[in-house]
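Student: Could you have a look at this structure, given as structure tokens, before my questions?
The values are calculated or read from the model by the stated rules, or taken from the named source; none is laboratory data. Source: prediction; values computed, not measured. Here the Cβ is made from the backbone with ideal geometry for all residues, glycine too, and neighbour counts use every protein chain on show. Quick note on the areas: whole protein, heavy atoms, side chains included, nothing else; ligands and nucleic acids left out. Shrake-Rupley method; radii C 1.70, N 1.55, O 1.52, S 1.80 Å.
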Amino acid sequence: MTMIALKLRHLHPDAFVHIEEFERFAQQLSKRASLPMDVIAHYFIPQFLRQRDCLDVFLVIWIASALQALAYCDFVLDIDSLSTELNDRNSAEQWFASIKCRVNFADCSSPAAIEPDPTFERAVENAVSAIWSNASSLVVTKPENVKNWLASLSPLSRRILSFALRS
């Protein structure tokens, strides 16, 4: 994920400026441009980035990606919903069967989402703020299309993406 963020930052320099430690890290790496990516990942990422920085980076990438995917998809496959909702699992299997693709989601599971804490909520607010300001170049979407799919998402994903659309 950090490597993706570094590549995105190269193309969209302002996308992660709100994450100060990530920016410092990226600037340090730019001075060592000759280092192979596996060395960077192994030695530099753990040394320079905190868990919170990684969450902040993840949320920007996830929100931008989810908004884009939802705007242009034919069907939503939400792992959280597949894990917890038998009706969603059956609907997904039927949709895939309609395109002649046999799947079985019976063993689909993901960790249960817990109620987000204030740190997570602040991270979401910061990511959404970035998405609609300095990281807006990462968002290629049609909000009206995204809204059509929100009901197909798990409650937490729906809440975050709805918040992103309102901002």
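Student: Anything in the range 91-131 that is more than 22 Å from the chain's Cα centre (by Cα) and surrounded by fewer than 12 Cβ atoms within 10 Å (Cβ to Cβ)? List them, or say none.
Tutor: GLN94, ALA97, SER98, ILE99, LYS100, CYS101, ARG102, ASN104, ALA106, ASP107
Student: Please find, within the range 96-121, the residue that is farthest from ALA15 (Cα to Cα) out of those that are at pLDDT below 95 and outside any loop (DSSP other than H, G, I, E, B).
Tutor: Of everything passing the filter in the range 96-121, PRO118 is farthest from ALA15 (Cα to Cα).
Student: Which count do you get for residues in the range 1-48 that are of a type in the set (A, V, I, L, M, F, W, C), farther than 22 Å from ALA123 by Cβ and modelled with pLDDT of 85 or more?
Tutor: Result for the range 1-48: 1.
Student: Restricting the search to the range 132-167, which residues are in a loop (DSSP other than H, G, I, E, B), open to solvent by less than 40 Å² (accessible area, probe 1.4 Å) and closer than 24 Å to ALA92 by Cα?
Tutor: THR141, LEU153, SER154 - these are the residues of the range 132-167 that are in a loop (DSSP other than H, G, I, E, B), open to solvent by less than 40 Å² (accessible area, probe 1.4 Å) and closer than 24 Å to ALA92 by Cα.
Student: Next question, about the same structure. Could you list, in sequence order, all residues of the range 15-37 that are assigned to a loop (DSSP other than H, G, I, E, B), open to solvent by 90 Å² or more (accessible area, probe 1.4 Å) and out of contact with any Phe, Trp or Tyr (no Cβ under 9 Å at 6 or more places or on another chain)?
Tutor: Of everything in the range 15-37, those that are assigned to a loop (DSSP other than H, G, I, E, B), open to solvent by 90 Å² or more (accessible area, probe 1.4 Å) and out of contact with any Phe, Trp or Tyr (no Cβ under 9 Å at 6 or more places or on another chain) turn out to be LYS31, SER34.
Student: Further question: Regarding the range 56-75, can at least one residue be identified that is at pLDDT below 90, closer than 21 Å to PHE163 by Cβ and touching a helix residue (DSSP H, G or I) at 6+ places or on another chain (Cβ under 8 Å)?
Tutor: no
Student: Could you please give the count of residues in the range 49-72 that are within 12 Å of the chain's Cα centre (by Cα), more than 16 Å from ARG122 (Cα to Cα) and open to solvent by 40 Å² or more (accessible area, probe 1.4 Å)?
Tutor: 3
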